Amino acid sequence: PLRDASFFWHERIDDVAAVSWDLTILETSIGSDYAAKISDVILPPKESPHGGAVQVNHLELSELKSLVQDALIESAEGVSPIIQKMWNEIIVKILTLKCSAPLSAVKGVAATYRMTNRPPPTQASPYVSTILRPLKEFNSNFL
């Protein structure tokens, strides 16, 4: 059966980097921005809609805010291992494969000079400049 490449985002470095970046933003938002906003929402209004003052137990309110913040921060920490795996495994693997592809030509260099009795090269082979091209492109696009 044929595979539809659009469903294999983990094979394209651009997609992996984009998802990783989105997860980084989500982790930051949950751990800080959302925690602060939800904590603010927990604060009751100063007056009730019926005109009377609301009784607030500040100790309970403080404990509730703390629990909500802890829960959000803990959930945000669960995103970090996914981000690390994307960078340390998926992106590194893709870049390694792309950068090492031109190295297959290295085997033929020595054989070419041995078989033809030509003098050793005085400059790098043309493929050498392409070895780090994927890394440079990734760096300019995402870092």
Exactly one condition in (1) within 26 Å of Y34 (Cα to Cα); (2) open to solvent by 70 Å² or more (accessible area, probe 1.4 Å) is false for L132; which is it? (1)
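Can you give me the ranges of the helices (runs of 4 or more DSSP H) entirely in the range 77-143 with at least 1 residues that are among the hydroxyl-bearing types (S, T, Y) and in contact with an Asp or Glu (Cβ under 7 Å, 6 or more places away or on another chain)?
Hits in the range 77-143: 80-85.
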Out of the residues in the range 27-51 meeting the condition of being among the charged types (D, E, K, R) and closer than 30 Å to G78 by Cα, tell me which one is modelled with the highest pLDDT. E27
Is there a residue in the range 84-106 that is closer than 30 Å to D33 by Cβ, open to solvent by 70 Å² or more (accessible area, probe 1.4 Å) and polar (S, T, N, Q)? yes
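Kindly indicate whether V68 is assigned to a helix (DSSP H, G or I) and more than 30 Å from A35 (Cβ to Cβ). Walk me through it before giving the result.
Numbers: assigned to a helix (DSSP H, G or I): yes; more than 30 Å from A35 (Cβ to Cβ): no.
Criteria not met by V68.
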Among the residues in the range 61-79, are any at pLDDT 80 or above, in contact with a Pro (Cβ under 9 Å, 6 or more places away or on another chain), under 26 Å from A17 (Cβ atoms) and surrounded by fewer than 14 Cβ atoms within 10 Å (Cβ to Cβ)? no
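The values are calculated or read from the model by the stated rules, or taken from the named source; none is laboratory data. Note that the structure is a prediction, hence the values are computed from the model and not measured. As a convention, Cβ positions derive from the backbone with ideal geometry for all residues, glycine included, and neighbour counts pool all protein chains shown. Surface accessibility is based on the protein's heavy atoms, side chains included, excluding ligands, DNA and RNA. Shrake-Rupley method; radii C 1.70, N 1.55, O 1.52, S 1.80 Å.
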